[in-house]
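For reference, the structure is listed below as structure tokens.
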Amino acid sequence: MAKTVLGVIGGSGVYEFPGLENERWERVESPWGEPSDELHFGELPLSGGRRLEMVFLPRHGRGHPHSPTSINYRANIDAMKRAGVTDIVSVSAVGSLKEELPPGTFVIVDQFIDRTFQREKSFFGEGCVAHVSMAQPVCPRLGDHLEAACKANDIPVSRGGSYLVMEGPQFSTLAESELYRSWGCSVIGMTNMPEAKLAREAEIPYATVAMVTDYDCWHPHHDDVDVSVVIQVLSGNADKSRDMLRSFAESFGPEREPSPIDEALEAAIITAPDKIDPALLKKLDAVAGRVLG
């Protein structure tokens, strides 16, 4: 068993995590640029005198200055890795693409479809090439605990489904929404890619709680997506998410079993050692230091 350091990335409406002890906000430097905000370090008291180390990051920054496209996802994940985070839970606002997933439902997704096109999606590239598997992008162990935590707090929850990640910042056209529904997607949002891909490259188990704020514009009996309505639902979802995360922390605990994801880079790097770019190697010290030395 090893120590758990739980990383939580808060999406729209979730800009802080109250209740941490010995807490501090601290800027973590990253060679990939500026993270969305300072990281909020602290300890969450658990039953039996246990304590869980946590690191919280508001994905859009406090006050929401960053759009889904302008977020520096590489810096965010790199900063989490440098902070010692062992597991990441993403809390994200989404629109529903299914009648049976009304606003207020939390969806523990297990798949993503990446439709973004303006973002840096990998720590690797020219000078050091790596290919990680994304067949199963979500850690099932995290998903199990998240589902149980939702049920413990009487939060409507659905396990499984695909999250369609669009570029934004505009919402979908009706034709796009209907296309994504025809693909069988459950929810739509703008932020979990490339976040999930980068977490896998950093060998950090990752899971998403997709909090439904609205039906996407496909729904014939609901108004088109409206930010003011979304914000109203966001507020209620944010409070529920904090209760859910406390229950999750209680069951997940301060110690963890090893995960196969902890060694995701083991056979991923294809570039010969003598061909690796020294400048890129230096930037990869946190993300891939375990395998690159």
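Of note:
- In this structure, Ser182 does not satisfy being more than 29 Å from Asp87 (Cβ to Cβ) and open to solvent by less than 20 Å² (accessible area, probe 1.4 Å).
- Residue match in the range 230-246 (condition: surrounded by fewer than 19 Cβ atoms within 10 Å (Cβ to Cβ) and part of a loop (DSSP other than H, G, I, E, B)): no
- Only one entry in Glu99, Glu43 is of a type in the set (D, E, K, R), on the phi < 0 side of the Ramachandran plot, in contact with a strand residue (DSSP E or B) (Cβ under 9 Å, 6 or more places away or on another chain) and not in a loop (DSSP other than H, G, I, E, B), namely Glu43.
- Residue in the range 1-40 that is modelled with the lowest pLDDT, counting only those that are in a loop (DSSP other than H, G, I, E, B) and of a type in the set (D, E, K, R): Glu16
- Test: residue in the range 116-126 that is touching a helix residue (DSSP H, G or I) at 6+ places or on another chain (Cβ under 7 Å), within 15 Å of Arg200 (Cβ to Cβ), in a strand (DSSP E or B) and open to solvent by less than 10 Å² (accessible area, probe 1.4 Å): no
- A count restricted to the range 195-241 and to residues that are out of contact with any Lys or Arg (no Cβ under 6 Å at 6 or more places or on another chain), more than 28 Å from Ser182 (Cα to Cα), at pLDDT 90 or above and among the small types (Gly, Ala, Ser) stands at 2.
- Within the range 147-169, the set of residues being under 26 Å from Arg115 (Cα atoms) and either open to solvent by 10 Å² or more (accessible area, probe 1.4 Å) or not in a strand (DSSP E or B) (or both) comprises Val157, Ser158, Arg159, Gly160, Gly161, Ser162, Met166, Glu167, Gly168, Pro169.
- Residue in the range 127-148 that is among the aliphatic types (A, V, I, L, M) and modelled with pLDDT under 95 present: no
- Exclusive hit being aliphatic (A, V, I, L, M) and without any contact (Cβ under 8 Å) to a residue 60 or more places away in the chain, set Leu57, Leu46: Leu57
- When residues of the range 16-38 are limited to those that are under 19 Å from Phe248 (Cβ atoms) and touching a residue at least 24 places away in the same chain (Cβ under 8 Å), the one farthest from the chain's Cα centre (by Cα): Glu21
The values are calculated or read from the model by the stated rules, or taken from the named source; none is laboratory data. It should be emphasised that the depicted structure is a prediction, and the values quoted were computed from it without experimental measurement. Cβ coordinates were reconstructed from backbone atoms using ideal geometry, including for glycine residues, and neighbour counts include every protein chain displayed. These area figures cover heavy atoms from the full protein model, side chains too; ligands, DNA and RNA do not enter into them. Shrake-Rupley method; radii C 1.70, N 1.55, O 1.52, S 1.80 Å.
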